[in-house]
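Structure first, commentary second.
The values are calculated or read from the model by the stated rules, or taken from the named source; none is laboratory data. The shown structure was predicted, so the numbers you read here are calculated from the model rather than taken from an experiment. Cβ coordinates were reconstructed from backbone atoms using ideal geometry, including for glycine residues, and neighbour counts include every protein chain displayed.
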Amino acid sequence: MANGTIKCSANYVPLSPISFLERSAIVYRDRISLVYGDLEFTWKQTHERCRRLASALSRRGISRGDVVAALAPNIPAMYELHFAVPMAGAILSTLNIRHDSAMVAVLLTHSEAKLIFVDYQFLDVAKGAFKILSEKGIPLPSLILIPEPYDSVSGAKAMAEVTEYESLLSSGENEFAVVRPNDEWDPISLNYTSGTTSSPKGVVFSHRGAYLNSMAAILLNEMQSMPVYLWTVPMFHCNGWCLTWGVAAQGGTNICLRNVTAKGIFDSIATHRVTHMGGAPTVLNMIINVAASERRPLPGRVTVMTGAAPPPPQVLFEMEEQGFNITHAYGLTETYGPGTVCTWKPEWDSLPLEARAKLKARQGLQHLGLEELDIKDPVTMQSVPRDGKTMGEVMFRGNTVMNGYLNNVEATQEAFRGGWFHSGDLGVMHSDGYIELKDRSKDIIISGGENISTIEVESVIFSHPAVLEAAVVGRPDEHWGETPCAFVKLKEGYAVTAQDIINYCRDRLPHYMAPRTLVFEELPKTSTGKTQKFLLRAKAKAMGSLSQKSKM
């Protein structure tokens, strides 16, 4: 070129998180990469195993652009697949382990997966899905069984002809030539949003976005080299908020947990000196309400990234009191998981703990991997005033926004309308540029023309000492249109009436915002800890409309 610059292999390589593993296999070769019960691997071994698995997949006919599905909890095999599948040039589709056979069949059909790795615990779900596909004449993907290493009777006998994970892995070559992306925008993974069975949305992640969001996740968690990361976030959810790749970049130790329990969390922290973990507010709730017999002292500071649903200030307050350091992030599957972080300012340190918790409950501003975050009027696309009151839709723009929805051009175009990704979340922008979520657009309650943020009402209910969990939805009302209806689960040993909690809310909120009805019951949740409000809305609707005579 005339100006003396040239783009070539010396100065341009497509970004890919595959490089994280390759570097750690040298720098941290003898450090522990994975721990699962008594099973341990080093980074050198993990690199070799992933390379062998990529080779085995290639021998099985898996090539560039093919989809490989996985139905497994947080176990070493699930971690290895995050590198091995893209190293074969393929796309990893991690499926929610709470899905039933019908949903798994829908997703396998939609993704056209050529192969599926199935943990023994979910073999019956996979077999049910295969039966549905067979009856419809849809070609079946190959099935690789992941048996439990400590259990000889793991369900493997039920499908004797099926290849097991370790035997597949051992058939691969260690010197396999890793398949690199031709373009960093090439897909690395396919993540399904929790949608209806009729129209699943497959979110396509790129190598570039995964690389950048992994780096951003390291930074926002303030992860130094060799962290010890406890897997309480499902790896199937946004690829573990991109930390499946991020922990490798820092040569960390991955502590795998098949089942997330409060005892398992405290035992793991004490045994392995865990430095970082993550979880939805339900995981935080589990920690702060643990039985005294299961609680163990923290050997050091544990940084916890929370997100998935807006955490009530009361929960953050109690976590901080117990010695956990909370990093509050927010994002969606379409933003590779965390897209914002409530970056802490030193001047807030001197505030009372409760005031600090309220500030920490805000969603903050875009992380370093994202270009821009704003609150806009979705019709005019104008930014809302930075007054902390005017609501608009949260919108994102940048390199860590999905490529689009697989095989759904219409939905992709709608999501990117006006050159921004429309989140469907409603929020306000504070004067300091930090955003605060108020609701999902579909969850906001409009009562007598007033907008009621269910998040605000839930925060007040959560602050009641007897409340373990709470969710608020709109209930039809002949006069007001709808009014707040709260579903509450109490802590063990507490006995309060619905009216007690309603009165508590009325003392702390404008009366029109306080719940008019309150139901005590277990809250339905997704596997990532989000309350399934659509089920609660249906229950509230089934209760019937409140009469015109009711007063606010």
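Quick notes on this one:
- Scanning the stretch 175-186 finds one or more residues that are assigned by TED's automatic domain parsing to the domain that holds Phe117, surrounded by 17 or more Cβ atoms within 10 Å (Cβ to Cβ) and within 23 Å of Ala415 (Cα to Cα).
- Here Trp245 does not qualify as surrounded by 18 or more Cβ atoms within 10 Å (Cβ to Cβ), out of contact with any Ser or Thr (no Cβ under 6 Å at 6 or more places or on another chain), of a type in the set (A, V, I, L, M, F, W, C) and in contact (Cβ under 8 Å) with a residue 60 or more places away in the chain.
- Unique residue being in contact (Cβ under 8 Å) with a residue 40 or more places away in the chain and either basic (Lys, Arg) or more than 18 Å from Ala177 (Cβ to Cβ) (or both) when the list is Ser58, Ser24: Ser24
- Against the numbered list (1) more than 17 Å from Leu257 (Cβ to Cβ); (2) part of a loop (DSSP other than H, G, I, E, B), Leu53 comes up short only at (2).
- So Ala357, is it crowded, with 22+ Cβ neighbours inside 10 Å and either out of contact with any strand residue (DSSP E or B) (no Cβ under 7 Å at 6 or more places or on another chain) or over 26 Å from Met277 (Cα atoms) (or both): yes
- Any hit, the stretch 254-267, residues being in a strand (DSSP E or B) and either in contact with a strand residue (DSSP E or B) (Cβ under 9 Å, 6 or more places away or on another chain) or at positive phi (or both): yes
- Criterion applied to Thr327, Thr343, Thr333 was being in contact with a Cys (Cβ under 9 Å, 6 or more places away or on another chain) and surrounded by fewer than 20 Cβ atoms within 10 Å (Cβ to Cβ), and the one residue passing it is Thr333.
- Qualifying residues in the stretch 406-430 (those that are at pLDDT 95 or above and small (Gly, Ala, Ser)) - the one surrounded by the fewest Cβ atoms within 10 Å (Cβ to Cβ): Gly419
- Residue satisfying condition, being part of a helix (DSSP H, G or I) and at pLDDT 95 or above, within set Leu92, Leu145, Leu133: Leu133
- Counting only strands (runs of 3 or more DSSP E) that fall entirely inside the stretch 441-486 and contain at least 3 residues that are under 22 Å from Pro311 (Cβ atoms), the qualifying elements are 467-477.
- Candidate set from the stretch 38-57 (those that are under 20 Å from Ser171 (Cβ atoms) and surrounded by fewer than 21 Cβ atoms within 10 Å (Cβ to Cβ)); member that is nearest to the chain's Cα centre (by Cα): Phe41
- Boolean, Asn285 is of a type in the set (S, T, N, Q), more than 16 Å from the chain's Cα centre (by Cα) and part of a strand (DSSP E or B): no
- When the criteria are applied in full, Met395 fails the requirement of being more than 26 Å from Val203 (Cα to Cα), surrounded by 21 or more Cβ atoms within 10 Å (Cβ to Cβ), modelled with pLDDT of 95 or more and not small (Gly, Ala, Ser).
- Considering the stretch 268-290, the residues that are touching a strand residue (DSSP E or B) at 6+ places or on another chain (Cβ under 9 Å) and of a type in the set (Gly, Ala, Ser) include one that is surrounded by the fewest Cβ atoms within 10 Å (Cβ to Cβ), namely Ser268.
- Residue that is surrounded by the fewest Cβ atoms within 10 Å (Cβ to Cβ), among those in the stretch 23-37 that are touching a helix residue (DSSP H, G or I) at 6+ places or on another chain (Cβ under 7 Å) and in a helix (DSSP H, G or I): Ala25
- The set of residues from the stretch 379-392 being surrounded by 17 or more Cβ atoms within 10 Å (Cβ to Cβ) and outside any strand (DSSP E or B) comprises Val384, Met391.
- Checking Ile326 against (1) at pLDDT 95 or above; (2) closer than 22 Å to Thr244 by Cα, the condition it does not meet: (1)
- Sole exception among (1) modelled with pLDDT under 90; (2) in contact with a strand residue (DSSP E or B) (Cβ under 7 Å, 6 or more places away or on another chain); (3) at positive phi for Gly433, by number: (1)
- Any hit, the stretch 2-12, residues being assigned to a loop (DSSP other than H, G, I, E, B), of a type outside the set (A, V, I, L, M) and in contact with a strand residue (DSSP E or B) (Cβ under 6 Å, 6 or more places away or on another chain): no
- Enumeration of residues in the stretch 291-313 that are more than 18 Å from Asn221 (Cβ to Cβ) and surrounded by 23 or more Cβ atoms within 10 Å (Cβ to Cβ): Pro310, Pro312
- In a residue-by-residue description of the stretch 437-456, the property of being among the small types (Gly, Ala, Ser), free of Cβ contacts under 8 Å to residues at least 40 places away in the same chain and exposed (fewer than 14 other Cβ atoms within 10 Å of the Cβ) applies to at least one position.
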